[in-house]
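The values are calculated or read from the model by the stated rules, or taken from the named source; none is laboratory data. For clarity, every value in this text was computed on a predicted model and none was experimentally measured. Methodologically, a virtual Cβ is constructed for each residue, glycine included, from the backbone with ideal geometry; neighbour enumeration extends over all protein chains shown. When the accessible area is computed, the model is the full protein with side chains, heavy atoms only, and any ligands, DNA or RNA have been set aside. Shrake-Rupley method; radii C 1.70, N 1.55, O 1.52, S 1.80 Å.
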Amino acid sequence: MPLRPEARAWAVWSAGLAAYVIAVLHRTSLGVAGLDAQHRFDIGASTLASFAVLQLLVYAGLQIPVGMLLDRFGSLRLVLSGALLMAAGQTLMAFTDDVTGAVVARVLVGAGDAMTFISVLRLVPHWFPAKRVPVLTQVTGIVGQIGQLLSAVPLAALLAGPGWTTAFAGAAGAGVFVALVAFAALHDTPERRVNSGGAITWRRLGSDLSGAWRHPGTRLGLWTHFTTQFTGTVFALMWGVPFLIAGEGLSRGAASSLLIVFVLTGMASGPVLGLLTQRHPLRRSWLVLGIVGANMGAWALVIAWPGQAPMALLVLLVVALGLGGPGSMIGFDYARTFNPPSRLGTATGVVNVGGFVASLLTILLIGLILDARTGGSADYHIADFRVAMSVQFAVAAIGVIGILRTRRLARRKMEQEDGVVFPSLRKTRSDRRELSGRR
């Protein structure tokens with residue numbers, strides 16, 4: 001008996017979500033294995049950071065091409081390809097014992113990861129009513145962070161027990177499993193299992209990319225993603241566990257527990273931010289700036305604390321950082337509301353570049369600073385992390401400047417067009433008073 005349309009929509013979205021959960025597991029696996037990787041490959045902090053930087057560089061560099069491929073080939077083919085690429089990368093990581101193999105493995109993980117999230121996001125407007133899209137976009141991002149729980153608990157337990165090969169081979173097996181789930185359950189649209197867009201031509205590529213980039217609303221989404229996402233990604237993907245263990249003196253179990261708090265905060269706050277985004281679309285930037293302020297304020301307290309910070313302050317830090325992932329989802333809502341459906345994949349790819357460019361730069365800078373202070377050894381002290389982590393304030397300042405500038409340009413364009421270019425931005429009289437600051 002065929003599923004009812006609504007149940008079918010939830011089944012398709014759940015299959016895509018499962019693929020994204022495992023993609024996040026692959027993405028963050030090196031973060032919990034950072035110290036193990038330094039010993040396995042006999043490398044310093046900057047070389048370890050280069051693994052994650054390369055992974056993120058591949059991810060960010062492929063976002064726009066993948067967005068264009070998504071507009072052409074649809075979600076099913078890209079989710080399936082991404083899952084298999086990541087499984088191949090984790091298999092290689094499980095068995096390699098040299099730096100070259102590890103580099104290739106992280107490139108494969110980054111390439112597969114690049115195909116997954118925006119492909120799952122693309123399913124939401126095809127399968128659900130427009131009024132549900134902001135909340136479901138948030139829920140997609142938040143539930144996907146269960147992948148961090150999988151890396152923080154079972155993957156970390158496998159690393160501490162059976163060891164490196166078992167842990168990464170298990171992650172690869174999970175990737176193959178979700179590829180099979182995607183193949184069985186995913187459909188691009190309610191009408192077609194595989195939905196292909198128009199042929200990719202140089203003219204269309206240029207038109208879609210330039211159209212998405214020229215609109216200041218898309219760039220506002222990029223700077224939103226840049227500023228809200230990077231500090232949490234740096235913490236979860238690379239430097240959080242080393243900071244907590246080597247810098248703050250916590251046990252591996254305590255560090256894993258804080259990562260769980262980080263993930264649960266994002267899962268709890270995401271639906272709330274989604275509802276606020278849906279109800280107050282012209283106040284989205286204030287939510288973003290508030291989250292950035294919470295992130296940087298928490299880091300300032302931890303860095304300024306004399307000696308190792310108390311557990312209560314570290315909990316406050318991870319709670320603040322947990323807001324960043326849901327905050328970055330607002331950037332995708334800008335892409336949706338400021339662009340027509342025909343170039344939504346391209347615009348989403350443009351936005352998704354932001355946070356990962358900021359993350360890879362920050363990860364690399366922190367690694368370079370740690371190596372400069374320790375001479376390339378892994379003998380870190382809290383003072384070393386204080387100096388290294390402070391680079392995040394400069395990155396956040398760049399992002400805030402970008403948000404403020406593009407927000408002004410987007411508001412000006414909305415005033416000129418009165419929100420009628422795309423129906424999702426059509427404004428009521430009270431909306432226009434809110435936009436102009438009048439009551």
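Find out how many positive minus negative residues lie around Val58, taking Lys and Arg as positive, Asp and Glu as negative, among other residues whose Cβ is under 9 Å from that of Val58.
With Lys, Arg at +1 and Asp, Glu at -1, the neighbours total 0.
Go through Gln55, Ile303, Val181 and say which Cα lies farthest out towards the positive end of the charge dipole of the chain; charges sit on Cβ, +1 for Lys and Arg, -1 for Asp and Glu.
Among Gln55, Ile303, Val181, the one farthest towards the positive end of the dipole of the chain is Val181.
Pop out the ³J(HN,Hα) list for the stretch 380-397 in order, Karplus 6.51 cos²θ - 1.76 cosθ + 1.60 with θ = phi - 60°, rounded to Hz; leave Gly and Pro as x.
So the J values, rounded to whole Hz, are 8, 10, 4, 5, 5, 5, 4, 5, 5, 5, 5, 4, 5, 5, 5, 5, 5, 4.
Please get the size of the charge dipole for the chain, origin at its Cα centre, with Cβ charges of +1 on Lys and Arg and -1 on Asp and Glu, quoted in debye to the nearest 20.
In debye, rounded to 20, the chain gives about 2260.
Sort 27-36, 171-180, 303-312 by packing, meaning the average of other beta carbons within 10 Å per residue, with the highest value first.
27-36, 171-180, 303-312
With a sphere of radius 14 Å drawn around the Cβ of Val292, what net charge do the other residues whose Cβ falls strictly inside it have (Lys, Arg +1; Asp, Glu -1)?
Net charge around Val292: +2.
Put Val391, Val109 in order of accessible area, largest first, 1.4 Å probe: what do you get?
Of Val391, Val109, the descending order of accessible area is Val391, Val109.
Could you tell me the accessible area of Leu289 in Å² (1.4 Å probe, neighbours in place), rounded to the nearest ten?
So the heavy atoms of Leu289 present about 40 Å² to solvent.
Would you mind telling me the share, in percent, of accessible area of the chain contributed by carbon and sulfur at probe 1.4 angstrom?
67 percent
For the chain, what is the mean residue ellipticity at 222 nm derived from helices alone (per DSSP H run of n ≥ 4: -39500 (n - 2.57); sum divided by total residues; nearest 500 deg cm²/dmol)?
Helix-only estimate at 222 nm: -26500 deg cm²/dmol.
Step through the residues of the stretch 167-174 one at a time and calculate ³J(HN,Hα) from phi using the Karplus curve (6.51 cos²θ - 1.76 cosθ + 1.60, θ = phi - 60°), rounding each to whole Hz and writing x for Gly and Pro.
Computed from phi, the couplings for the stretch 167-174 are 4, 6, 5, x, 4, 4, x, 4 Hz.
In Å, what Kirkwood hydrodynamic radius results for the stretch 330-380 from the alpha-carbon pair distances?
13.2 Å
How far, in degrees from 0 to 90, does helix 216-234 lean away from the longest principal axis of the Cα atoms of the chain, to the nearest 10?
Roughly 20 degrees, rounded to the nearest 10.
Going by amide H atoms built from the backbone, whose H comes under 5 Å of the H on Leu323, apart from near neighbours?
none
Amide H to amide H, which residues 5 or more places from Leu250 or on other chains are under 5 Å from it, using H placed in the peptide plane?
Ile245
Per 20 Å bin, what is the whole-percent P(r) computed from every C-alpha pair distance within the chain?
27, 58, 15, 0
Give the accessible surface of the chain per residue, rounded to a whole number of Å², with probe radius 1.4 Å and ligands, DNA and RNA excluded.
Per-residue accessible area for the chain comes out at 38 Å².
Taking the 0 to 90 degree range and rounding to the nearest ten, how far is the long axis of helix 133-144 tilted relative to the main principal axis of the chain, both from C-alpha atoms?
Long axis of 133-144 versus the principal axis of the chain: about 20 degrees.
Order these peptides, 147-154, 317-324, 116-123, by their mean beta-carbon neighbour count within 10 angstrom, highest first.
Ranked by mean Cβ neighbours within 10 Å, highest first: 116-123, 317-324, 147-154.
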